[in-house]
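Here the structure is laid out as structure tokens; the discussion comes afterwards.
Readers should treat all values here as calculations from the given coordinates under stated rules, not as data from a laboratory. Model, not experiment: these values are computed from the prediction. A quick note on method: Cβ atoms are made from the backbone with ideal geometry, for glycine too, and the neighbour counts reach across all protein chains shown.
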Amino acid sequence: MSKKLLIIDDSALMRRVISDIIKSDIRYEVADIASNGLEGFDLIVANPNKYDVILLDINMPKMNGLELLEQLQKRRIRQTIVVVSTVAKKDAKETIKALELGAFDFVTKPENFIETKSDSFKEKLLSIIEVASSSSNRTKTYTTYKERPRDTTKSTEQTARISSLQRPRTAPGAFKAESYRGVKSNQNKIVALATSTGGPKSLQDVIPYLPANLDAAVVLVQHMPKGFTASLASRLNDLSKVKVKEAAHGDVIEKGCVYIAPGGSQMRIAKSGSLHKIVITDEPARGGLKPCADIMYESLTESGFDDITCVVLTGMGADGTSGIKQLKKSKNVYVISQNEETCVVYGMPKNVAEAGLSNEVRALGEIAGSITKNVGVR
């Protein structure tokens, strides 16, 4: 049975272009079309279980895309929504806001008729629709931190494997800052985090819950194109106790600071005397990814960090697995991966766990506590 899609766009041309793309793939069908946000909202409310994926523009009359997302969130109507808009390129802040409000992912809409005929737009759109429509966590799109399940029950086999890898840690419980004082405070530590689809929203359940006096820096790869990571960093910085910034070439890595790899570039960490610095390069994408988490992890093999905590959150694909595997050959590495139940897409953390690399598999709401517990505070 074909997957049903709803197109919400005020441009007659784009409605036609997107419809033709969808109709070119027998797996999908255009179930309905709306010419503005209000019309689209009414269709969703009237048919909450009808659509497998909704393609949503941002700038529209009567009700724009962000207003529609806000109304769905207020009514707890859970849908899988992909933003298709020129705003995704012109105003990254609105794109980040859409992802915060529950959008699954985004595609930049072509700005002229010639570009609408390009294979790259068609392939990108169909690729995201494929992942979005097959996501097993569709009903969790609007799950909040307080609602998120905290059950980390695993199979007996998985529990045994992970327990055998774990280093002794303080027993689980309330994460009070004073309980971390003195934990490996004399060691040089860093947290290296990787995420993709679902990451911008999920990071808000991790980074803002890290203490300002975290005894480590955080380097972070979020799969995003050029022009979006600065807005993501700014938004997280506003919400967090730690300092969050888009990484820049030559940044000296400092504890209590989060460095997000710039979209469209690769990020490495290099030792510079007694310090470590960020190295931003224009080297090619690896596996289509730029930035790529494997490159970040591999660069840490030559670093002077004594203790590395790797964190892998929601995302499609397997980025991070080979890098962590290589890193573990030469460094003291502790791996925390997100569990399936709280992932938007259980791809990256699944590959890490199935490779036997995870020391902990945690629900999203527990990740910040696990990081803090592992590295301590100053």
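A few points about this structure:
- Candidate aspartates and glutamates - alpha carbon under 19 Å from Lys97, same-chain residues fewer than 8 apart omitted: Asp9, Asp57, Glu67, Glu70, Asp105, Asp205, Asp238, Glu246
- Listed residue pairs exceeding 20 Å between alpha carbons, taken from Lys3/Lys50; Lys201/Lys271; Lys62/Lys226; Lys226/Lys325; Lys226/Lys290: Lys201/Lys271; Lys62/Lys226; Lys226/Lys325
- Within region 210-366: Cβ-based charge dipole about Cα centre, in debye rounded to nearest 20 (Lys, Arg +1; Asp, Glu -1): 240 debye
- Positive-end residue, region 259-378 charge dipole about Cα centroid, Cβ charges, pick of Gly369, Met316, Pro349: Gly369
- Gain in span if fully extended, Ser24 to Ser134, counting 0.36 nm per residue against the direct Cα distance: 37.8 nm
- Karplus-derived HN-Hα couplings along region 269-276 (A = 6.51, B = -1.76, C = 1.60, θ = phi - 60°), whole Hz, x at Gly and Pro: 10, 10, 6, 9, x, 8, 10, 10
- Cross-link pairs beyond the 24 Å C-alpha cut-off, checked among Lys4/Lys124; Lys93/Lys189; Lys189/Lys329: Lys93/Lys189
- Note on Lys243: aspartates and glutamates with a C-alpha under 14 Å away, same-chain residues under 8 apart excluded, are Asp215, Asp251, Glu254.
- The protection proxy used here, the mean number of other Cβ atoms lying within 10 Å of each residue, ranks peptides 212-218, 10-16 as follows, highest first: 212-218, 10-16.
- Annotation: extensible slack from Asn47 through Thr281 equals 79.5 nm (criterion: 0.36 nm per residue apart, minus Cα-Cα distance).
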